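To start, the structure under review is shown below, and the notes come after it.
Just so it is clear, none of the values below were taken in a lab; they were calculated from the coordinates. Predicted, not measured: the structure shown is a model, and the values here were computed from it. Note that we place each Cβ from the backbone using ideal geometry, even for glycine, and neighbour counts take in every protein chain shown.
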Amino acid sequence: MTNFVIPSSSVIRHLPLIYLDYNATTPLAPEVFDAMRPYLERHFGNPSSIHAAGREARAAIDDSRDRLAALLGAKPHEIIFTGGGTESDNLAIIGLARANTARGKHLITCATEHHAVLQAFEHLEKKEGFRVTWLPVDPLGRIDLDQLAAALSPETTLVSIMSANNETGTLQPVREIAALCRTRGVLFHSDAIQSFGKEPLAARDFDALSLTAHKFHGPKGAGLLFLGAGHDIESLQHGGSHENQRRPGTENTAAVVGLARAAELALATMDAERPRQAALRDRLWQGIRAACPTAVRNGDPARTLANTLNVSFPGLDGESLLINLDLAGLCASSGSACMVGSILPSHVLLAMGVAPDLARATVRFSFGKETTAAEIETAISRLPEIFARLAPSS
């Protein structure tokens, strides 16, 4: 059983909360709530109904689809609304794999993908007879393009590689991957859930692209899948002809409206936020190193999301570290699964060659447009007490 290092009651106090877990989720932007509110109140009709109330809702969904297509450089009929990122990933991977079995049953992905991608591939491999190549990554978390090229075969129908890792922030060379897949006639899907609104993206670089609203100040439970025109996909659900028979179920009008408004805001502020958040990230890393000189930064520092900092703390207990950060008013994440009270080592870090004990003692800090320089300085000021309390000698 893990021995937690928890502050005494005299140390525990109410401190101003500093949220540094924007890669987990983001607060709903006021402008997004304002856009959604009419469809939570007055315009509540079912968008499939033919009466006036239904037509109002349908018009809102059609308008949102048009606006999102324009933002992504896509066509409206290439946008499929879903219930979030996991569903978008599953629909793309399983739906495209099943629809292309006549061409082959070989698929390629990467060992550091989100579980929504990994488990979809595992299902196809274990239950449906597909052969999956699991590409390794280097110590910075990037795939090798030569290894990808070597893995492609005449039986390969789909490659799925995320644009940016949700734990480390490492950026994959998606444009080069797309070009390689295109020359070999292989479909390319990317989980762009962490990178949208943080890095430039053009739908035309992909055959399929997954997004979810709550990562960029939109509502939870709203996502989309861009699917390039001409690509067949098998629906994973049955029960209606919604979304051009690709995703049945009554659309969540308010959430779709919120998704579109949040996407517009994210792209409008992206160019200004990237350097600002990168400066906050670098300042926090500087403060962490001053308070804990043995700390190790994970990921590719040169090619990474501006808002993400993944740090391992040798010799410290990961659970105690997260508990003490929380009690100090700092909201951060381990970036790994938590089961039965025990933090499991991150599959991402393990794939990068990080030792299991070090992977367990890892924290992901991530920033958003509400994060201020003053908050970072306050967070840094709270670190020495935490590290002194957690030092192995204690």
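Using Stokes-Einstein with the Kirkwood hydrodynamic radius over Cα pairs, what translational diffusion coefficient do you get for the range 145-223 at 20 °C and a viscosity of 1.002 mPa s, in µm²/s rounded to a whole number? Mind showing how you got there, number by number?
Numbers: Rh = 13.3 Å.
Translational D for this selection: 161 µm²/s.
When the chain is fully extended, how far beyond the present Cα-Cα distance does residue 50 get from residue 126, taking 0.36 nm per residue of separation?
That pair, residue 50 and residue 126, stretches by 23.0 nm at full extension.
Relative to the first principal axis of the alpha-carbon coordinates of the chain, what is the inclination of helix 30-40, with its axis defined by its Cα atoms, in degrees from 0 to 90 and to the nearest 10? So the inclination is approximately 40 degrees. Springs between Cα atoms under 10 Å define the GNM used for the chain, and in it the highest mean-square fluctuation of 193, 233, 161 occurs at 233. Our estimate of slack between residue 42 and residue 59, defined as 0.36 nm per intervening residue step minus the Cα-Cα distance, is 4.7 nm. Note on 159, 354: ascending count of other Cβ atoms within 10 Å places them as 354, 159, the fewest first. Relative to the longest principal axis of the Cα atoms of the chain, the long axis of helix 115-127 lies at roughly 60 degrees. How much of the DSSP bridge set in the chain is antiparallel, in percent, rounded to the nearest 5? Restricted to the chain, the bridges split so that about 55 percent are antiparallel. For the range 38-126, rounded, prolate or oblate, judged on the Cα gyration tensor with a ≥ b ≥ c (square roots of eigenvalues), a/c < 1.5 rounded, else prolate if a/b > b/c? It is prolate, given that a/c is not under 1.5 and a/b is the larger ratio. In the range 217-338, a dipole from Cβ-located charges (positive for Lys and Arg, negative for Asp and Glu) runs towards its positive end, and of 238, 263, 287 it is 287 whose Cα lies farthest in that direction. The Cα atoms of the range 169-264 give a gyration tensor whose axes a ≥ b ≥ c have a/c of 1.5 or more with a/b no greater than b/c, which makes the shape oblate.
Listed by chain and number, the lysines whose alpha-carbon sits under 21 Å from that of residue 126, ignoring those within fewer than 8 places in the same chain, are 105. Per the Kirkwood formula applied to alpha carbons, the range 252-394 shows a radius of gyration over Rh ratio, Rg over Rh, of 1.01. Report, to the nearest 10°, how far helix 318-327 tilts away from the longest principal axis of the Cα atoms in the chain, using its own Cα long axis and a range of 0 to 90°. That works out to roughly 90 degrees. Each pair of Cα atoms in the range 200-329 enters the Kirkwood radius, and Stokes-Einstein at 10 °C and 1.306 mPa s then converts it into a translational diffusion coefficient of 86 µm²/s.
Calculated [222 nm] ellipticity per residue, helices only, for the chain: -13000 deg cm²/dmol; basis is -39500 (n - 2.57) per DSSP H run with n ≥ 4, divided by all residues, nearest 500. Projected over all directions and averaged, the alpha-carbon convex hull of the range 30-266 occupies 12.5 nm².
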